[in-house]
Amino acid sequence: MDLKKRTAGKVVILDISGTVVLGESSQQLAQTLADTLGDDLKGVVLNLEKIDYMDSTGLGELVGYLTKFEEAKKRIAVLNPQPRVVKLLTITKLDRVFKVFEKESAALDWCERGELNPHGPQATRP
């Protein structure tokens, strides 16, 4: 897994590529999310456009940090998941929990201000 971190205002964007599975990649994702949670920000956008595969461990890390971010009054948005990840989110019914966006600008706006309806025309549900 390769992970690049960039910032747009008070939102961190994590561009993730490769696979997120049990072991080093899920630990790296967890550590990055933990570090990001401690930052002075409003949310994080997980760009999953280049994720080839994610197993239940990787998905579990996302769910665990979603709860932690919500408790800290911060948001997590999912951006452009690949069809395999969309299917995983749908099967586990997590497509109802995570806010999934097609456009980075919409995900950033939602994280920054929460003004967008996450299920409106600028967002997508897998």
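The values are calculated or read from the model by the stated rules, or taken from the named source; none is laboratory data. No experiment lies behind these values; they were computed from the predicted model shown. Here the Cβ positions follow ideal geometry from the backbone for every residue, glycine too, while neighbour counts run over all protein chains shown.
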Legend entry - Condition check for Leu116: modelled with pLDDT under 95, among the aliphatic types (A, V, I, L, M) and assigned to a helix (DSSP H, G or I): no
Inset, instruction - Might you let me know whether segment 16-30 holds any residue that is in contact (Cβ under 8 Å) with a residue 24 or more places away in the chain, touching a Phe, Trp or Tyr at 6+ places or on another chain (Cβ under 8 Å) and not in a strand (DSSP E or B)? - result: yes
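Based on this model, can you work out whether Leu108 counts as touching a residue at least 60 places away in the same chain (Cβ under 8 Å) and assigned to a helix (DSSP H, G or I)?
Spelling it out, Leu108 is indeed touching a residue at least 60 places away in the same chain (Cβ under 8 Å) and assigned to a helix (DSSP H, G or I).
Residue by residue, here is whether (1) surrounded by 13 or more Cβ atoms within 10 Å (Cβ to Cβ); (2) closer than 24 Å to Thr90 by Cβ; (3) among the aromatic types (Phe, Trp, Tyr); (4) touching a Leu at 6+ places or on another chain (Cβ under 7 Å) holds:
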position: Ile16; (1), (2), (3), (4): yes, yes, no, yes
position: Ser25; (1), (2), (3), (4): yes, yes, no, no
position: Gln28; (1), (2), (3), (4): yes, no, no, yes
position: Asp35; (1), (2), (3), (4): no, no, no, no
position: Val45; (1), (2), (3), (4): yes, yes, no, yes
position: Met54; (1), (2), (3), (4): yes, yes, no, yes
Legend entry - Candidates Lys87, Lys68, Lys50, Lys74 - the one that is under 16 Å from Met1 (Cα atoms) and either surrounded by 13 or more Cβ atoms within 10 Å (Cβ to Cβ) or in contact (Cβ under 8 Å) with a residue 12 or more places away in the chain (or both): Lys50
Inset, instruction - Hey, can you tell me all the residues within segment 17-31 that are among the hydroxyl-bearing types (Ser, Thr, Tyr) and either closer than 13 Å to Gly64 by Cβ or touching an Asp or Glu at 6+ places or on another chain (Cβ under 6 Å) (or both)? - result: Ser17, Thr19, Ser26
